[in-house]
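Asks: Shown below is the structure under consideration.
The values are calculated or read from the model by the stated rules, or taken from the named source; none is laboratory data. Keep in mind the model is a prediction, meaning the values are calculated, not measured. Cβ coordinates were reconstructed from backbone atoms using ideal geometry, including for glycine residues, and neighbour counts include every protein chain displayed. The accessibility values were calculated without ligands, DNA or RNA, using every heavy atom of the protein model including side chains. Shrake-Rupley method; radii C 1.70, N 1.55, O 1.52, S 1.80 Å.
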Amino acid sequence: MSPLRILVVDDEDKIRQVISIYLKNEGYMVGEAMDGEEALKKYRSEPWDLIVLDVMMPKMDGISVCREIRKTSQIPIIMLTAKNEEVDRILGLEFGADDYMGKPFSPRELVARIKAVMRRMEAGSPAGEPVLNFPGMRMNLMTREVLLMDKPVTLTPREFELLSLLARNPGRSFTREQLLERVWGFDYYGDLRTVDTHINRLRDKLKVPGAPSYIGTVWGVGYKFEVKHEAE
């Protein structure tokens, strides 16, 4: 089996070098880019399995890079933010990042998060029916494809995991804590607003003329999957 290929994007040489050393010690193949423009060139010219992406960079910031990549790919992206401010985290999540870490950070924790993301990607679909059918929606858990009104919907890996968890349990209410634990994992240190951000992004992507809504809010609890038409 070929080693995973990880692209590390940061304008600080020392940070790239430290991350690369830790990743190579884990057996990963590592590529580096020092700004957003170089990152996009390398992303488009070589195959990668995951991207570690700094937010604040010259020429093109990480959020712009993330947004551009998400137009065509669901490759996992972990963003790094120097300020560790809420606005950086929310913007990164809004544009499709799967996780974030604030600087300064532990390289070991970054490696652990990378492994967690890849475990979720490699886990495949759960036992049972690989295709879920609902009015207006079809989800293939094997290929991770979603069709809404017969048109494909592009979801990030984390968005797909969140939607598939809800869809496999229609009518069941999940608290934010349960969703954070089930989708992000025990080793995730984010706050509950991360769940709300992803739910809002999912709702926006699932807003298609003629299609019902699929994610309901359970006030005081959390969220559930339900097929609800506007007239209801």
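Asks: Of everything in the range 1-41, what is touching a Gly at 6+ places or on another chain (Cβ under 6 Å) and open to solvent by 20 Å² or more (accessible area, probe 1.4 Å)? Give them in sequence order.
Replies: Pro3
Asks: Search the range 191-232 for residues being small (Gly, Ala, Ser) and touching a residue at least 60 places away in the same chain (Cβ under 8 Å), and hand back the single one that is surrounded by the most Cβ atoms within 10 Å (Cβ to Cβ). Outline the logic, then answer.
Replies: Keep residues of the range 191-232 that are small (Gly, Ala, Ser), which gives 210-211, 213, 216, 220, 222, 231.
Subsequent filtering for residues that are touching a residue at least 60 places away in the same chain (Cβ under 8 Å) retains 210-211.
On the way: Gly210: 9, Ala211: 19.
Only one residue fits best here, namely Ala211.
Asks: Could you tell me how many of the residues in the range 140-149 are at pLDDT below 90 and surrounded by 17 or more Cβ atoms within 10 Å (Cβ to Cβ)?
Replies: Within the range 140-149, residues that are at pLDDT below 90 and surrounded by 17 or more Cβ atoms within 10 Å (Cβ to Cβ) number 1.
Asks: Consider the range 1-10. How many of its residues are more than 23 Å from the chain's Cα centre (by Cα) and under 21 Å from Gly62 (Cβ atoms)?
Replies: Summing the residues that are more than 23 Å from the chain's Cα centre (by Cα) and under 21 Å from Gly62 (Cβ atoms) in the range 1-10 gives 0.
Asks: Then there's this: Taking the range 35-60 on its own, how many of its residues are more than 18 Å from the chain's Cα centre (by Cα), farther than 22 Å from Lys24 by Cα and assigned to a loop (DSSP other than H, G, I, E, B)?
Replies: Count: 5.
Asks: Being open to solvent by 60 Å² or more (accessible area, probe 1.4 Å), farther than 28 Å from Asp61 by Cβ and at pLDDT 80 or above, is that true of even one residue in the range 95-114?
Replies: No, the range 95-114 contains no residue that is open to solvent by 60 Å² or more (accessible area, probe 1.4 Å), farther than 28 Å from Asp61 by Cβ and at pLDDT 80 or above.
For every residue, the table says whether it meets (1) in contact with a Ser or Thr (Cβ under 9 Å, 6 or more places away or on another chain); (2) at pLDDT below 85.
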site: Arg120; (1), (2): no, yes
site: Pro130; (1), (2): yes, yes
site: Pro135; (1), (2): no, no
site: Thr154; (1), (2): yes, no
site: Arg172; (1), (2): no, no
site: Lys207; (1), (2): yes, no
site: Glu226; (1), (2): yes, no
